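A short write-up of the structure that comes next.
The values are calculated or read from the model by the stated rules, or taken from the named source; none is laboratory data. Remember, predicted model here, so these are calculated numbers, not experimental data. Note that we place each Cβ from the backbone using ideal geometry, even for glycine, and neighbour counts take in every protein chain shown. Calculation scope for accessible area: heavy atoms of the full protein, side chains included, ligands and nucleic acids excluded. Shrake-Rupley method; radii C 1.70, N 1.55, O 1.52, S 1.80 Å.
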Amino acid sequence: MPDIIHLLPDAIANQIAAGEVVQRPASVVKELLENSVDAGSAKIQLIVSDAGKNLIQVIDDGKGMSETDARMSFERHATSKIRKSEDLFNILTMGFRGEALASIAAVARVELKTKTTDAELGSSIIIEASEVKSQGPDSMNQGTTLSVKNLFYNVPARRNFLKSNSVEMRHIIDEFQRISLANPQIGFSLIQNDKEVYNAPAGKLSQRIVHLFGKNYQTQLITCQEETEWFKVTGYIGKPEHAKKTRGEQFFFVNNRFIKSSYLNHAVQGAYEGLIKDDQHPFYTLFIEMDPARIDINVHPTKTEIKFEDERSVYGIIKSAVKQALGAHNVTPSLDFETDVNFENFAVHTQRFESGATRKDSGYGNFKSLDQKQGKSVRWESLYESAINESSLSPAEIRQEEMAGFDQSIPDEPREKVQMEIASTLSSSHDAPTSGTSDPVLMHEKYVMKQVKSGVMILDATLAHERILYENYLGTLENKTGMTQKSLFPVSLDLSPADFSLVMELEKEIMALGFEFEVFGDKSIAINGVPADVQHINEKELFEGLIEQFKYNKSELSLNTQESIARAMAKRSASRTKISKETLELKTLIDRLFACSQPNYTPNGTPTFVILGLEKIVEFFKYK
Ligand code: ADP
Ligand code: MG
């Protein structure tokens, strides 16, 4: 038999490596920005068009490359950053594998222009799919410009796999933010489709944070600092009152490298205990410095995971550093989230639904009331069973499909266990509905209990509300019928550049919901009105919350714009809605839920109610 094993041609080997290194335009951005940082640049400019699918260009004023190095830089495992294996344990540059340029050049058209200080002329190279198309001297300023065009043009499967521009752009902005936060001493700018999105001059970390995330950060940063013999943490944390519902702006850097660590995140979250609600997330940008020998940064090719030699100590130090910082700012755990229960708001909501249901031309889309359909009172009891049967996917399946990383706060306990727990609370409660009455009762300010034919129904009022509002908003968006409740005074809102361009992009939809706003100044808007059905005093918080939730839905779940915005708005206003314990309003809530097209789950797949079956209840009281 002839020998059949041979070495792969470089172009193919590079393409295979590219599969790991270059997953999307944002990976290219990361590698190029890191190279420019490593090159000692003072200013770095990132230009992208079509979310990086057509062009990613990075222009730096760093040390540049010699003519030979320029050519060498595209070879696989070609690096100037390590020479011997011991260097691997002492890595202080961002790159070191020497894979990035080779991989990028294998899957795109790449043009490199570079010049060192002492050279008279620079050199220019054009490479397409690992093949050098041209190379020669070129006149230019000191530094390096790398242009990556038509990413994945020769790997159609990859190109087709890319997400929408807004999702890819979000990833690019994430990388840009991480790298520019880690290097405030370098000026960074980002130009997207010929428009300047960021322009952050070299400065202090606090200034960089304000440049990236908006002016309102000026007043919400707390310095955090702690040092031990082998470990140092510095940076900023956000004041508890500015904590947000979604984890957006949370950054850990280890030796200036951005890392993801749910373990360390837990440490910070723990330090805020009692100061923020469980489902809120504080801002932080924390830099950890320690001996590189005590960490392994090489566990993952894209290098955001990291292993510490002594994880527990790191956890402890971070937690105490954050606690101290919070204490030093006299933030005492005096907030009481339980006391501000206001029953009025919910009443307004249900009224709105009443009128929505009776107005034939109201255009509430999906939100069709059974009153309308049947002309008599809602018979939801017979409905829930068919609703259960209608849904062919289990909650777990729906969750898996729709939820990837959506909201970690959803309990994952088996339904039966939850049912048992509620059942045991029920049996000790005097308020439990006695047989014969079938009026719903509110328990623990949150759960609605109701006798049904087959047992007892327990409904989560907030989640039920989220479903109702979601279908309502979808209808509103489709028919553009949102009504506005004018603000007494316009409320101004300073937005980060990225959020501002997002708001401009979504203007139509946001207006359709019932918001009214106008642009003033550079990146600010004035909110003149909010959707009429939202009883929310704080326009600013509502608007910011909507944008924040929207970004999350859009990037994590790849939903279309209308869907994302309806979900975001429903989640926001449902969590703000205070629940009434009045029987009539509880009944209306149940009726409205079962008039929904899919009452069983919230839009992200969390169950809205459970049924504790009679046979189960009988089972509890069997003599064993
Ligand atoms: P790595 O960064 O892991 O060394 P890369 O493939 O990203 O590998 O880059 C290869 C080499 O090219 C680097 O080691 C560096 O010497 C050189 N290089 C890349 N980008 C730049 C730049 N912007 N300025 C100067 N040198 C660069
Ligand atoms: Mg590199």
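So, in the range 47-65, of the ones that are open to solvent by less than 20 Å² (accessible area, probe 1.4 Å) and within 12 Å of ligand 1 (Cβ to nearest atom), which residue ends up farthest from Gly187 (Cα to Cα)? Within the range 47-65, the match that is farthest from Gly187 (Cα to Cα) is Gly64. Quick check: is even one residue across the range 34-42 charged (D, E, K, R) and either in contact with a Pro (Cβ under 7 Å, 6 or more places away or on another chain) or at pLDDT 95 or above (or both)? Among the residues of the range 34-42, not one is charged (D, E, K, R) and either in contact with a Pro (Cβ under 7 Å, 6 or more places away or on another chain) or at pLDDT 95 or above (or both), which makes the answer no. In the range 13-38, the qualifying residues are those that are open to solvent by 20 Å² or more (accessible area, probe 1.4 Å) and either over 25 Å from the mean Cα position of the chain (by Cα) or among the aliphatic types (A, V, I, L, M) (or both), and the one that is farthest from Glu75 (Cα to Cα) is Val37.
Of all residues in the range 23-51, those satisfying the criterion of being in a loop (DSSP other than H, G, I, E, B), touching an Asp or Glu at 6+ places or on another chain (Cβ under 8 Å) and within 16 Å of ligand 2 (Cβ to nearest atom) are Ala39, Ser41.
Kindly indicate which of Val534, Val530 is modelled with pLDDT of 85 or more, open to solvent by less than 20 Å² (accessible area, probe 1.4 Å), outside any helix (DSSP H, G or I) and farther than 14 Å from Pro603 by Cα. Explain how you work it out, then say what you get.
Values: Val534 fails: modelled with pLDDT of 85 or more.
Unique residue meeting the criteria: Val530.
Among the residues of the range 436-456, those that are open to solvent by less than 20 Å² (accessible area, probe 1.4 Å), modelled with pLDDT of 90 or more and either on the phi > 0 side of the Ramachandran plot or of a type in the set (A, V, I, L, M) (or both) comprise Val448, Met449.
In the set Phe188, Phe176, which member is buried (at least 20 other Cβ atoms within 10 Å of the Cβ), among the aromatic types (Phe, Trp, Tyr), at pLDDT 90 or above and in a helix (DSSP H, G or I)? After ruling out the rest, the residue left standing is Phe176. Within the range 280-299, being surrounded by 13 or more Cβ atoms within 10 Å (Cβ to Cβ) and modelled with pLDDT under 90 holds for Gln280, Met290, Pro292, Arg294, Ile295, Asp296, Ile297, Asn298.
I need a count of the residues in the range 66-92 that are modelled with pLDDT under 80 and either open to solvent by 50 Å² or more (accessible area, probe 1.4 Å) or within 7 Å of ligand 1 (Cβ to nearest atom) (or both). Outline the logic, then answer.
The first filter runs over the range 66-92 and keeps only residues modelled with pLDDT under 80, leaving 76-92.
Now drop any that are not either open to solvent by 50 Å² or more (accessible area, probe 1.4 Å) or within 7 Å of ligand 1 (Cβ to nearest atom) (or both), which leaves 76-81, 83-86, 88-90, 92.
Qualifying residue count for the region: 14.
Which one is farthest from the chain's Cα centre (by Cα) among residues in the range 461-503 that are assigned to a helix (DSSP H, G or I) and aromatic (Phe, Trp, Tyr)?
Initial filter on the range 461-503 (assigned to a helix (DSSP H, G or I)): 461-479, 497-503.
Among the residues that remain, those that are also aromatic (Phe, Trp, Tyr) are: 470, 473, 500.
Details: Tyr470: 20, Tyr473: 22, Phe500: 17 Å.
Selected residue: Tyr473.
Note on the range 154-169: residues that are assigned to a loop (DSSP other than H, G, I, E, B) and closer than 30 Å to Met504 by Cβ total 3.
Filtering Ser123, Ser103 for residues that are within 14 Å of ligand 1 (Cβ to nearest atom) and modelled with pLDDT of 95 or more leaves a single hit, Ser123. Of note, Ala271 satisfies the criterion of being modelled with pLDDT of 90 or more and either more than 21 Å from Gln549 (Cα to Cα) or of a type outside the set (Lys, Arg) (or both).
Out of curiosity, is Gln135 in a strand (DSSP E or B) and in contact with a helix residue (DSSP H, G or I) (Cβ under 9 Å, 6 or more places away or on another chain)?
So Gln135 fits the description; yes.
The single condition among (1) at pLDDT below 85; (2) under 13 Å from Leu463 (Cα atoms) that Leu593 does not meet is (1).
Each row is one residue, and each column tells you yes or no for (1) crowded, with 18+ Cβ neighbours inside 10 Å; (2) in contact with a strand residue (DSSP E or B) (Cβ under 6 Å, 6 or more places away or on another chain).
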site	(1), (2)
Leu513	yes, yes
Ile525	yes, yes
Gln549	yes, no
Thr577	yes, no
Ser580	yes, no
Ser597	no, no
Val610	yes, yes
Gly613	no, yes
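Identify, please: which residue in the range 121-132 is of a type outside the set (Ser, Thr, Tyr) and assigned to a loop (DSSP other than H, G, I, E, B) and is, among those, least open to solvent (accessible area, probe 1.4 Å)? Ranking the candidates gives Ala129 first.
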